[in-house]
Amino acid sequence: QVQLVESGGGLVQAGESLRLSCAASGSIFSVDVMGWYRQPPGKQRELVATITRGGSTNYADSVKERFTISRDNAKNTVYLQMNSLKPEDTAVYYCNANLKRAGIPVASNYWGPGTQVTVSS
């Protein structure tokens, strides 16, 4: 079994910062791309940022210059530093990992249960 668990969400005021963490655990052989997605109220889930095992990153235009994704490969953990938060950043944030389980040669996509981020104006 593989489990992704997010932490670090909460309620903040506009302009403040939050740091999200997501740890993958279980019978993992290797983790490739990890990322963060979000689902604002009444909208579809959207990409926030991704990072490869080698450290290459990709960001949604709406978060560039404000959010930074990073990872610790030894801990199978991905982080999202969110600065200068805006009310429109309010959403449930989901962690995603594309990984191979021990003994299974094909990679699969896994999601965390999500963590709520609310930014008040």
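The values are calculated or read from the model by the stated rules, or taken from the named source; none is laboratory data. Bear in mind that the values here come from a model prediction, so they are computed numbers and not experimental data. Neighbour counts run over all protein chains shown; Cβ positions are idealised from the backbone, glycine included. In case anyone asks, the SASA skips ligands and DNA or RNA and just uses the protein heavy atoms, side chains included. Shrake-Rupley method; radii C 1.70, N 1.55, O 1.52, S 1.80 Å.
Figures for the structure shown
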read-out: Total residues in the range 64-79, condition under 19 Å from Glu6 (Cα atoms) and out of contact with any strand residue (DSSP E or B) (no Cβ under 6 Å at 6 or more places or on another chain); value: 4
read-out: Every residue from the range 109-121 that is within 19 Å of Val33 (Cα to Cα) and touching a residue at least 60 places away in the same chain (Cβ under 8 Å); value: Tyr110, Trp111, Gly112, Pro113, Gly114
read-out: Pairs, first open to solvent by less than 10 Å² (accessible area, probe 1.4 Å) in the range 75-90, second assigned to a helix (DSSP H, G or I), C-beta under 9 Å, six or more apart; value: Met82/Asp89
read-out: Those residues of the range 31-49 which are surrounded by 16 or more Cβ atoms within 10 Å (Cβ to Cβ) and among the aliphatic types (A, V, I, L, M), in sequence order; value: Val31, Val33, Met34, Val48, Ala49
read-out: Neighbours by Cβ (under 7 Å, 6+ apart or cross-chain): first from the range 47-66, closer than 15 Å to Leu85 by Cβ; second of a type in the set (Asp, Glu); value: Ala60/Glu46
read-out: Filter result (surrounded by 16 or more Cβ atoms within 10 Å (Cβ to Cβ) and modelled with pLDDT of 95 or more) within the range 10-30; value: Val12, Leu18, Leu20, Ser21, Cys22, Ala23, Ala24
